[in-house]
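Comments concern the structure below.
Nothing in this text is a laboratory measurement; each read-out follows from the coordinates by a stated rule. Just so you know, these numbers come straight off a predicted model, no measurement behind them. Note that we place each Cβ from the backbone using ideal geometry, even for glycine, and neighbour counts take in every protein chain shown.
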Amino acid sequence: MLVELISTLHLWVFLALLGGVCWACSRPKSTFPIINAYQGDVLGRQSSREYITNAAMLIAEGFAKYHGPFILTIPNAKKTVLPSSLAGWVKSNKDLDHREIVRQDFFAGYPGFEGQTALHSHGDLLIDMIKTNLGQNNSLMPVLNASLADALHTYWGNENTWHAIDWQKDTTGVLARAMSSIFVGSERARDSEWLNIVQGYVGAYFSAVSTLQGYPAWSRPVVQRFLPDANACRQYVARSRTIMKEEKSKRAEKVKMAELEGKTAPQYNDALAWTQMSSNGKLEAGDVQLALGIAAMFTTSELFRQILIDVASHPELMEPLRNEISEQISTNGISVAATQGMVLLDSVMKESQRRSAALGTHGTRRFAKEKYTDFATVVSLERVALKDTTLPDGRLLPRGSHIMVDSTNLWDAALYPRPQEFDGYRFLRKRQEGDKSSQFVQSSPDFNVFGGGRHICPGRFLANNELKLAMAHVLLKYNIRLSKGYESKPVAIGAYQVVDPIAQLEVQRTGDLKQSILS
């Protein structure tokens, strides 16, 4: 047995070394300058440290120094940063692919990462299902509404005295239950084991991905097999598959019994039923559910938390929002038409998205001979070059290059006056002036948070409806505030930003009669 173990370890070491050689030989060669290359930094520790702690400054410095594309070294990888003026070119270029960069950066195909792998299986089947069945589907609105009511009662309670909520658990939990109700049905959405599996998988998956990105690319296939979070993912996948197999059998039995009794067979209006039907049962149902959790849970929960922070920080918005929500639901019921009519809430959500997408690094600093004042940096439109591609200025972007586009336009005072301030009416005014791209679900040349072109986020309409219904329940049923003296701040990690992970939000159930329109 010992001999077999040693032989196995020798095999893994050999494969890792072989992979390292192949990886080094296949890396794209670029002529663009590197902004965070430092003399003597052979192992790249200083460049990685500067990226993680100072990405905003590096990106601003890169454009000031090179006036065009440059390379940003991140832990064990390099990203080519393009100026925002090339956003339109990136969106329309078919040789620059978003789904492939997701496959690579998030390790599709690794054991335990079947949730990510399923997102790319069977062509566009899942993407099409998200666009068509989960988008502007009026039949899902009552299901979401009922699930949100149940979830808020469970997580936030009915106390008419002020009390703090568990920030992460009681926000993600609410949306996880709501999303599960349309992914796998209301019964499973109330199943604590199932909710723990989906939420646990998403957390373990992103943690494992983050850990893996800290290792050299050639070593990751081996390292992944020994990571605790990756091992947890494999366990979640196995249990998810078992539960979904049971759910499918349970549904089939109900249909069979109805037919034997001459009754109408039950119809299931959820992602489990749609994906099984469209794939003729070929898709692994448990993997699909975890894929939907990855795609929908993290980003939507993050934005939900940012909206709560912004509304709680601007109590003057609460009454106008309550009035708008009440009017729309009274007129249109629980429907897509009602959420479409919530234009002030739409503006608030987009403003929260604008600010939470951008790194919170502001200040004045001199780069080269130019002075940049009050800047913040965010990147978007991440792609990989599928083949050698020529930039509009004639320079070569080598095959395999990972690119990201600077989006400092989100903080351009010419586009967004007083960009540092939260203005809940900002995008409502733009809409009233005829700017159709000011709607939450729309992308534009200067606002690419949802991506753009053929790779624009397919789930943005679902997120729009879910977030608006969630905020309707929150605002009509609760008063909300940040704890006295607490100042919420986001956390910057490299070129990305995380919503305040430890925000102190307090809630109080109200006796407002307006809440009755939600039942």
Quiz prompt | Karplus 3J(HN,Hα) series, Hz, for segment 51-61 with 6.51 cos²θ - 1.76 cosθ + 1.60 (x for Gly, Pro) | solution = 5, 5, 9, 9, 4, 4, 5, 4, 5, 4, 5
Quiz item: If we count other beta carbons within 10 Å of each Cβ, what is the order of Val255, Val184, fewest first?
Solution: Val255, Val184
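To one decimal place, what Kirkwood hydrodynamic radius in Å is obtained for segment 246-311 from all pairs of distinct Cα atoms? Kindly include the intermediate steps, with their values, before the conclusion.
Working: mean 1/r = 0.0694 Å⁻¹.
Value: 14.4 Å, from the Cα pair sum.
Quick check on the exposure proxy: order Ser326, Ser219 from fewest to most C-beta atoms within 10 angstrom. Provide the component values of the computation, followed by the final result.
On the way: Ser326 19, Ser219 16.
Lowest to highest Cβ neighbour count: Ser219, Ser326.
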Quiz item: How far is it, in nm, from the label point at Lys282 to the one at Asn196 when both lie 7 Å from their Cα along the line to the Cβ?
Solution: 3.6 nm
Quiz item: Considering the Cα trace of segment 148-289, what is its radius of gyration and what is Dmax, both in angstroms?
Solution: 18.8, 62
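Based only on other Cβ atoms within 10 Å, what is the fewest-to-most ordering of Ile307, Ile325, Ile294? Provide the component values of the computation, followed by the final result.
Values: Ile307 23, Ile325 27, Ile294 20.
Starting with the residue having the fewest Cβ neighbours, the order is Ile294, Ile307, Ile325.
Taking 45 Å as R0, compute the FRET efficiency from the Cβ-Cβ separation of Lys250 and Gln46 and round it to 0.05. Write down the numbers at each step before the final one.
On the way: r = 57 Å, r/R0 = 1.26.
It comes out at approximately 0.20.
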Quiz item: Expressed as a rounded percentage, what relative contact order does segment 428-519 have, with Cα pairs under 8 Å and six or more residues apart?
Solution: 21 percent
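Relative to the present Cα-Cα distance, how much length would full extension add between Leu415 and Asn76 at 0.36 nm per residue of separation? Please list the in-between numbers first.
On the way: separation 339, 0.36 × 339 = 122.04 nm, distance 3.58 nm.
Stretched fully, the Leu415-Asn76 segment lengthens by 118.5 nm.
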Quiz item: If you project the alpha carbons of the chain onto their three principal axes, what span does each projection cover, largest first, in Å?
Solution: 69, 66, 41
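Could you compute the FRET efficiency for Asp446 and Thr154, with r as their C-beta to C-beta distance and R0 at 51 Å, rounded to 0.05?
Working: r = 40 Å, r/R0 = 0.79.
Rounded to the nearest 0.05, the efficiency is 0.80.
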Practice problem: Go through His122, Asn76, Thr510 and say which Cα lies farthest out towards the positive end of the charge dipole of the chain; charges sit on Cβ, +1 for Lys and Arg, -1 for Asp and Glu. | Solution: Asn76
Practice problem: Just name one of Gln276, Val255, Thr242: the one whose Cα is farthest towards the positive end of the charge dipole of segment 225-283 (beta-carbon charges, Lys/Arg +1, Asp/Glu -1). | Solution: Thr242
Exercise. State the extension gain, in nm to one decimal, for the chain segment bounded by Lys65 and Tyr38, taking 0.36 nm per residue of separation less the distance between their alpha-carbons.
Key: 8.1 nm
Quiz prompt | Whole-number percent relative contact order across the chain, with pairs defined as alpha carbons under 8 Å at least 6 apart | solution = 23 percent
Quiz item: So what are the radius of gyration and Dmax for the Cα set of segment 440-504, in Å?
Solution: 15.7, 45
Quiz prompt | Gap separating the Cα centres of segment 213-233 and segment 107-140, nearest whole Å | solution = 24 Å
Quiz item: Under 27 Å from the Cα of Lys94, which lysines turn up, not counting those fewer than eight places away in the same chain?
Solution: Lys29, Lys78, Lys79, Lys131, Lys387, Lys436
Quiz item: Put a dot 7 Å past each Cα toward the Cβ at Leu391 and Val223; how far apart are the dots in nm?
Solution: 3.0 nm
Exercise. Could you work out the equivalent-ellipsoid semi-axes for segment 115-173, taking the square root of 5 times each eigenvalue of the Cα gyration tensor, largest first, in whole Å?
Key: 33, 17, 7
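Quick one: net charge of Ala265's neighbours, Cβ under 14 Å, K/R +1, D/E -1? Provide the component values of the computation, followed by the final result.
Values: positive: Lys250, Arg251, Lys254, Lys256, Lys263; negative: Glu253, Glu259, Glu261.
Around Ala265, the surrounding residues sum to +2.
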